[in-house]
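So the structure is just underneath, and the comments pick up after that.
The values are calculated or read from the model by the stated rules, or taken from the named source; none is laboratory data. Because the structure is a prediction, the values reported are computed rather than measured. Using ideal geometry, Cβ is built from the backbone for each residue, glycine included, and neighbour counts are taken over all protein chains shown. Only protein heavy atoms, including side chains, enter the accessible area calculation; ligands, DNA and RNA are left aside. Shrake-Rupley method; radii C 1.70, N 1.55, O 1.52, S 1.80 Å.
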Amino acid sequence: PEAMQVQSENMFKTLTKRFGPGKSERTALVVVTKGSELLGMCGLVEGKLPYRRPDDVQDEAVTWLTLLAVKPAFQRTGYGSSMVRKCEGIARYWGHRELF
C-alpha cells in the first residue's frame, strides 16, 4: 500500500505539473489497483483546452481525459472503461455534460 501511495502521488504530481494551477481549473487522478499493484490510471482535467485551433473561440472550461493507461496484462478486461466511466461521473459532478 505504501508503494502504491508513492506511485499515485508521483502520477498526480506529473498531472498537476502539466495541467496544474494557472493551467487548469481542477484535476483528478483515477487509479485501479489489485492489492498493492497499480493496474491502471486515468487523469481528468478541467480547464481551457491546451491545444486549440487559432480560429477556435471556445473560452469556457471543459473537461478532458489524459494519461489513460492500463498494464498490458490487464488490458481488455474492462478496467479502462471503468476508469473512463468514473471520470465521466466526476465531470458531471463538476457540472460538465461533455468529456473530451
Query raised in the report: Sorted by accessible area (1.4 Å probe), largest first, how do THR63, THR77 line up?
Result: THR77, THR63
Report summary line: Protection proxy (average C-beta count within 10 Å per residue), highest first, orders 92-98, 25-31, 41-47 as 41-47, 25-31, 92-98
